[in-house]
Amino acid sequence: MEEARKLEEGTLGNKTDVLVKEEQKNKDIVSQSRDDQEVVNKIDGGDVVEQHDQNEAKKIEAVEQKADEEVTVVKQIRSKRVATLDAFRGLTIVLMILVDDAGGSYSRIDHSPWNGCTLADFVMPFFLFIVGVAIALALKKVPRINDAVKKIVLRTIKLLFWGILLQGGYSHAPDELAYGVNMKRIRWCGILQQRIALVYLVVALIETFTTKRRPTVIDSGPTSIFTAYKWQWVGGFVAFLIYMITTFSLYVPDWSFVLHNDDGAERYTVKCGMRGHFGPACNAVGHVDRQVWGVNHLYSQPVWSRLKACTLSSPSEGPLREGAPAWCLAPFEPEGLLSSVLAILSGTIGIHYGHVLIHFKGHSERLKQWLSMGFGLLIIGIILHFTDAIPINKQLYSFSYVCFTAGAAGIVFSGFYILIDVWGYRTPFLFLEWIGMNAMLVFVMGAQGIFAAFFNGWYYETPDKTLVHWIQKHVFINVWHSERLGTLLYVIFAEITFWGVVAGILHKLGIYWKL
């Protein structure tokens, strides 16, 4: 197991080949020993020959046992997973559950209303970062390009399907005991449906089609890893150009929307007529989505309604202030088309970290590459934000936001690598590994509330009298005499801890849900 761990770290070098050669050598020794024994049996006889046979048999048994042990080590090395990768993926799922279900109680961990970055704003880029790392490891050897392309396209379609089902409006889990969506108002975008699917498709296809142009050995030098995978960076740069040119040059005209309520429908008009604007109402990101998808197919509850311009309760939710702008009620798509184009750059940065993991064998070499890039991106994002050149903005998925969050992802990933793979502190992070190994299951059943919705379907007298509501109210909120603290503790123990245990049990049983 120690050798298996070293191979994943890259410090074992070509140990696997050595073991395979040693295994063949042992087999040759066994064969030669048996041949020698047959010759002796033909020439000699008596007790001397018998004793010789016993000695030879012991030698053969010892060699065979050693060969079996070597084969076992080789199999363990080949099958071992990258622990840091699973732990980081599990951390991302945990953050999603935390901010989705406790963010309403603690606005400081909820999404930033517009400019800035909170805990919730790290979830999406962390997802895309780890998708990139996983692509590099999964596609490091592509035996047949056509088969790989088919798998990539099929997985993209599966992501699109689950995205529309869970986030398009069809599912109303976990609170409403209903399903179905008006196709005139279905939301076409979402975390799985568009952003992760698009990033995965583009980054994975570039990785696949350039597989024959990759060097097997990276030259020494600080830029060698970049030049070796230049086409991946070309793809990210093209996405960057498309986003930046469109954002600064596209003219955004006046636009209108219809707000439906109990009293009927009312039309509002938003005045724009400008270019290169980074505010909520007149940015190019929103304009592209309104033109492509239609204003009725965008997210109807954008976080900008928590801005000071919209409510006196800012940064928390609250009633609209008197004289609030019309756009405070307007829909906006935080996972829209143009912003998803720049999200490809987040996946490109992630796949770079995967390439470093593959080609650099020592801990210090890997960490030097990872940390230098992580801190560099972090500094670029901070400078762009505080100079007001390009503010950090998750809703727009601005370039400064990409740099800041990708840098943070790289630093956190490096920290996990040091703790888990270098220092060997794996036990405290096992629950994250388990969740990461069954990320899709926990995402659908936990983060999207399908499991809680199942139990909410069994209620007593009224829909608000369910096991889930009873536990949340009587075990957590009433005990701590605080709805905010009780909600937070419920999320930590009844959701995150619960799914950690479930994922651990499934891991022990060898059950995984993969797309």
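The values are calculated or read from the model by the stated rules, or taken from the named source; none is laboratory data. Not measured: the values here are computed from a predicted model. Here the Cβ is made from the backbone with ideal geometry for all residues, glycine too, and neighbour counts use every protein chain on show. Quick note on the areas: whole protein, heavy atoms, side chains included, nothing else; ligands and nucleic acids left out. Shrake-Rupley method; radii C 1.70, N 1.55, O 1.52, S 1.80 Å.
Being farther than 22 Å from ILE191 by Cβ and open to solvent by less than 70 Å² (accessible area, probe 1.4 Å), is that true of even one residue in region 302-309? Taking every residue of region 302-309 in turn, at least one turns out to be farther than 22 Å from ILE191 by Cβ and open to solvent by less than 70 Å² (accessible area, probe 1.4 Å). Can you find a residue in region 369-386 that is touching a residue at least 60 places away in the same chain (Cβ under 8 Å) and farther than 30 Å from ARG290 by Cα? Checking region 369-386: at least one residue is touching a residue at least 60 places away in the same chain (Cβ under 8 Å) and farther than 30 Å from ARG290 by Cα. Scanning region 102-120 for residues that are outside the structural domain of LEU467 (by the TED database), under 29 Å from LYS212 (Cα atoms) and buried (at least 21 other Cβ atoms within 10 Å of the Cβ) turns up nothing.
When you check ALA120 against the structure, is it closer than 17 Å to VAL199 by Cα and touching a residue at least 24 places away in the same chain (Cβ under 8 Å), yes or no? For ALA120, the condition - closer than 17 Å to VAL199 by Cα and touching a residue at least 24 places away in the same chain (Cβ under 8 Å) - is not met.
So ILE496 ticks every box in (1) open to solvent by less than 60 Å² (accessible area, probe 1.4 Å); (2) not in a helix (DSSP H, G or I) but one. Which box is left unticked? Result: ILE496 passes all but (2).
Sort through ILE196, ILE191, ILE206 and tell me the only one that's open to solvent by less than 20 Å² (accessible area, probe 1.4 Å), within 25 Å of LEU154 (Cα to Cα) and out of contact with any strand residue (DSSP E or B) (no Cβ under 8 Å at 6 or more places or on another chain). Just a single option satisfies the conditions, and that option is ILE196.
ASN261 fulfils the conditions (1) free of Cβ contacts under 8 Å to residues at least 12 places away in the same chain; (2) within 22 Å of GLN167 (Cβ to Cβ); (3) of a type outside the set (Asp, Glu) except for a single criterion, (2).
Restricting attention to region 384-410, the residues that are more than 13 Å from ASP121 (Cβ to Cβ) and either open to solvent by 40 Å² or more (accessible area, probe 1.4 Å) or charged (D, E, K, R) (or both) total 5. Among the residues that make up region 290-301, is at least one of them in contact with a strand residue (DSSP E or B) (Cβ under 6 Å, 6 or more places away or on another chain) and closer than 25 Å to GLY104 by Cβ? No: region 290-301 contains no residue that is in contact with a strand residue (DSSP E or B) (Cβ under 6 Å, 6 or more places away or on another chain) and closer than 25 Å to GLY104 by Cβ. Figure legend. Inter-residue proximity from region 201-223: first residues part of a helix (DSSP H, G or I), second residues aromatic (Phe, Trp, Tyr) and surrounded by fewer than 17 Cβ atoms within 10 Å (Cβ to Cβ), beta-carbon distance below 7 Å, spacing 6+ or different chains. Indicated pairs: ILE206/TRP231.
If you check ALA138 against the conditions, is it farther than 27 Å from LEU307 by Cα, in contact with a His (Cβ under 6 Å, 6 or more places away or on another chain), surrounded by fewer than 18 Cβ atoms within 10 Å (Cβ to Cβ) and of a type outside the set (Ser, Thr, Tyr)?
On the way: farther than 27 Å from LEU307 by Cα: yes; in contact with a His (Cβ under 6 Å, 6 or more places away or on another chain): no; surrounded by fewer than 18 Cβ atoms within 10 Å (Cβ to Cβ): yes; of a type outside the set (Ser, Thr, Tyr): yes.
For ALA138, the condition - farther than 27 Å from LEU307 by Cα, in contact with a His (Cβ under 6 Å, 6 or more places away or on another chain), surrounded by fewer than 18 Cβ atoms within 10 Å (Cβ to Cβ) and of a type outside the set (Ser, Thr, Tyr) - is not met.
Residue by residue, here is whether (1) in contact (Cβ under 8 Å) with a residue 40 or more places away in the chain; (2) in the same structural domain as ALA281 (by the TED database); (3) small (Gly, Ala, Ser) holds:
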site: GLY132; (1), (2), (3): yes, no, yes
site: LEU160; (1), (2), (3): no, no, no
site: LYS184; (1), (2), (3): yes, no, no
site: ILE196; (1), (2), (3): yes, no, no
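Table: residues versus (1) open to solvent by less than 30 Å² (accessible area, probe 1.4 Å); (2) not polar (S, T, N, Q).
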{"site": "PRO331", "(1), (2)": "yes, yes"}
{"site": "PRO334", "(1), (2)": "yes, yes"}
{"site": "SER339", "(1), (2)": "yes, no"}
{"site": "HIS352", "(1), (2)": "yes, yes"}
{"site": "HIS355", "(1), (2)": "yes, yes"}
{"site": "LEU371", "(1), (2)": "no, yes"}
{"site": "PHE375", "(1), (2)": "no, yes"}
{"site": "LEU378", "(1), (2)": "no, yes"}
